[in-house]
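A short reminder: the numbers here are calculations on the coordinates, not readings from a lab. Bear in mind the structure is a predicted one, so any value in this text is a computation, not a measurement. Cβ placement follows ideal geometry from the backbone for every residue including glycine, while neighbour counts extend to all protein chains displayed.
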Amino acid sequence: MKLENVNSPKDIKKASVQELEALAEEVRAVILRQVSEHGGHLSSSLGTVELAIALHYVYDTPDDILIWDVGHQAYAHKLLTGRYKKFSTMRQRGGISGFPKRSESVYDSFGVGHASTSISAGLGFAVARDFKQKNNKVVAIIGDGSMTGGMVFEALNNSRQTKKSFTIILNDNKMSISPSVGAFSKYLSKLSVKHNSSLEEFGKFLRSIPEHVGGKIRDIMESGKLAFENIANPGQFFRDLSIRYFGPFDGHNIQELIEAFNDIKELPEVCLIHILTQKGKGYDLATTNPTKWHGSDPFHIEDGSVIVEKPHPTLTSIFGKTLLTLAKQNKKIIGISAAMLDGCGLNFLTEDPETANRIFDVGIAEEHAVTFAAGLACEGFTPVVAIYSTFLQRAYDQIIHDVALQNLPVVFILDRAGLVGSDGPTHHGALDLSYLRTIPNMIIMAPSDENEMRNMIYTATQYKEGPTAVRYPRAVTYTNDIRTEFSALPIGKFRTVSKGSKVLLIGVGFLLSKCLDAAGVLEKKGIKPTIIDARFVKPLDIESYKELFKEHQIVATVEDNSITGGFGSAIAEILAETKHSPRLVRIGLPDTFVEQGEIEELRDDLGLSGMAIAQKILTLL
């Protein structure tokens, strides 16, 4: 059986286990080749190949519903559901998504990209099925890392609402993006150890029965293996929630998975199947360092070296090194991560013995991270919560009620603000200026270069009057000339880059560079604009802005946030309160979900290039 001939899961239904095992190796090779050429999520998808095959072999998809939590482990699922020919386009502009996406395939039952949502969504599907009086199966596949999210426990507590079958598959690879943390991770590890020890003893007992005495007895007992596993490993936590626990099973043994799924799928209750997998299976470099290979740039398969070396450090590493320096100077600084230590740069502090005990990875629990930080701030510490812009959305209520309402000095570091590229709409940080700007007491900063970024982090950790946020994009630095000294910035004050007339260009964050590009085009037309580095999105120096408005005919704001509620909206609010009314042009991300693609390609498409900005100005003039 060749993967190129698999146009739907029906094509694998009659295959032998040996053929499915060969198919698994081909699927793994295709995933490895694709990610090596274009980047993507490697180790998680390599670890779920046999699982995806067994699921589609046993269940009748798309009538039976599979929901992959997060979705970055669903590459094999995509290959088995008619997308082999398009697989080479994955995560590229105009290609298929790197995550399950409802508009892409009927086999993608639920769109994902953030963690800990599958059980809640699956429960919704199961209850809807019950109301419709249908008999299809609903399966949620969730990793042990995602099980640390609070939504999971809310859903488990509510799971008895379904009156028919609902299956949860716990994919336990002892690894999220950062190593799984907390009590639940330890609980799963104990289950795994107990399971392996029990099965070893059981196997010894079966082998001790003489063939001439107990051949038939042994056959009966072998057939009772599933029941024995559940006696040896009762999964008391789940049973207390009225959830039947089965496992753990070998997640790379297709025969074992098929038997387990067939035995369990008809049970008229909520069941949890615990399977053990290895992240990165089939590629030694990924199995030995699954964190590094969670998300990968294009690389050479032979030695794992990246194809295009980054010429400068990333902004993430600049943040990490900056916070390390500040944390050594200020013992009150405490770093907090939501399962993204490396992704957000806090690994620099974990690797230094002087600061390692002041870093807390709370797991995929953004809401808890924020309120945990609030408690620390109440006791005089300076908590620094480093989270991707798109993930901080999940803790909006906690930012408002637990931090801002109490005016606590929590520092929010928003990595991946603006467009992030090939991860697409679930990961673009397109809304943070809008959702943070509405919160009283919040100070929002956006650096235009790496040295300003360092100063803003310093300013935030020094500020004791309330919460602060520093947001920056997914990018490498523009220079290696990183200054070592720090300077506190005056709160709310912008910086004048150059003075001109008629046209006022206000750049937010690293998009100031696009204003400079636009100015170059305009100056060739005899127009010298005034260029402002906004620095602050909130608060704004309203009186100074009003003075600028008196002197210019056109005001253009340029930001990598949605134009709905972003910095441009803040300037519009000032203009609404002044008698001076220059023409306002808000340039930013559209009020739509932007698709995947290279960041500069997307910016060009959305009119965020220097040339496009200049053309808008010239048209108005």
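Which lysines have a Cα less than 21 Å from the Cα of residue 137, not counting those fewer than 8 places away in the same chain?
10, 13, 14, 78, 101, 163, 164, 265
Based on Cβ point charges of +1 for Lys and Arg and -1 for Asp and Glu, what charge dipole magnitude is obtained for the stretch 496-620 about its Cα centre, in debye rounded to the nearest 20?
In total the dipole reaches around 720 debye.
May I have the pair-distance distribution P(r) for the stretch 257-381, computed from all Cα-Cα distances with 10 Å bins from 0 and rounded to whole percent?
Going out from 0 Å in 10 Å bins, the stretch 257-381 shows 10, 27, 27, 21, 12, 4, 0 percent.
What are the equivalent ellipsoid semi-axes of the stretch 411-569, built from the alpha-carbon gyration tensor (square roots of five times its eigenvalues), in whole angstrom, biggest first?
The three semi-axes for the stretch 411-569 are 24, 18, 17 Å.
In vacuum, with every alpha carbon of the chain counted as one equal point scatterer, what does the Debye formula give for log10 I(q)/I(0) at q = 0.06, 0.09, 0.10 Å⁻¹? Two decimals, please.
Evaluating at q = 0.06, 0.09, 0.10 Å⁻¹ gives log10 I(q)/I(0) of -0.37, -0.78, -0.93.
Rounded to the nearest 500, what is the 222 nm mean residue ellipticity of the chain from helices alone, with -39500 (n - 2.57) per DSSP H run of 4+ residues and division by all residues?
Estimated from H runs of four or more residues: -11500 deg cm²/dmol.
How far, in degrees from 0 to 90, does helix 211-223 lean away from the longest principal axis of the Cα atoms of the chain, to the nearest 10?
Value to nearest ten degrees: 40.
Provide the packing ranking of 136-147, 8-19, i.e. peptides ordered by the mean count of other C-beta atoms within 10 Å per residue, highest first.
136-147, 8-19
How high is the FRET efficiency between residue 496 and residue 576 when r is their beta carbon distance and R₀ equals 22 Å, given to the nearest 0.05?
Efficiency, rounded to the nearest 0.05: 0.40.
Using +1 on the beta carbon of Lys and Arg, -1 on that of Asp and Glu, and nothing else charged, what's the dipole of the stretch 84-156 about the Cα centre, debye to 20?
460 debye
Give me the dipole magnitude in Debye, nearest 20, for the stretch 1-130 about the Cα centre, with unit charges on the beta carbon: positive for Lys and Arg, negative for Asp and Glu.
The dipole magnitude comes to about 480 debye.
Can you run the Rg to Rh ratio on the stretch 367-504? Use alpha carbon positions and the Kirkwood inverse-distance Rh.
Answer for the stretch 367-504: 0.99.
Of 539, 146, 305, which is farthest along the charge dipole of the chain in the positive direction, counting Lys and Arg as +1 and Asp and Glu as -1 at C-beta?
Going by the Cα projections, it comes out as 539.
Which net charge results for the neighbourhood of residue 11, defined as the other residues with beta-carbon distances under 12 angstrom from its beta-carbon, given Lys and Arg at +1 and Asp and Glu at -1?
+2
Please arrange 483, 28 by counting, for each residue, the other beta carbons lying within 10 Å of its beta carbon, fewest first.
483, 28
Any idea which of 567, 444, 592 is furthest toward the positive side of the dipole for the chain, if Lys and Arg beta-carbons carry +1 and Asp and Glu beta-carbons -1?
567
Check the straight Cα-Cα distances from residue 499 and name the lysines below 25 Å, setting aside those fewer than 8 residues away within the same chain.
Cross-link targets: 514, 524, 525, 528, 538, 546, 550, 579, 616.
Between the stretch 234-250 and the stretch 118-172, how far is it from one alpha carbon centroid to the other, in angstrom?
14 Å
What trypsin sites (Lys or Arg not before Pro) in the stretch 524-613 are in a loop by DSSP, with at most 12 other Cβ atoms within 10 Å of the Cβ?
In loop regions of the stretch 524-613 (DSSP not H, G, I, E or B), the sparsely surrounded trypsin sites (Lys or Arg not before Pro) are 525, 579.
Tell me which of 75, 404, 353 sits at the most positive position along the dipole axis of the chain, charges placed on C-beta atoms (Lys, Arg +1; Asp, Glu -1).
404
Which loop GluC sites (Glu not before Pro) in the stretch 226-325, with loop taken from DSSP, have no more than 16 other Cβ atoms within 10 angstrom of their Cβ?
Qualifying residues, ordered by number: 266, 269, 302, 309.
Provide the gained length on full extension for the span residue 464 to residue 329, in nm with one decimal, where the gain is 0.36 nm per separating residue minus the Cα-Cα distance.
Here the answer is 47.0 nm.
So what is Rg over Rh here for the stretch 496-620, counting just Cα atoms and using Kirkwood for Rh?
Expressed as Rg/Rh, it is 0.95.
Could you tell me which chymotrypsin sites (Phe, Trp or Tyr not before Pro) in the stretch 467-529 are loop residues by DSSP with no more than 15 other beta carbons within 10 angstrom of their beta carbon?
478
As a footprinting exposure proxy, order 35, 585 by other Cβ within 10 Å, with the fewest listed first.
585, 35
Can you list the aspartates and glutamates whose alpha carbon is less than 14 Å from that of residue 332, not counting same-chain residues fewer than 8 positions off?
The qualifying aspartates and glutamates are 354, 379.
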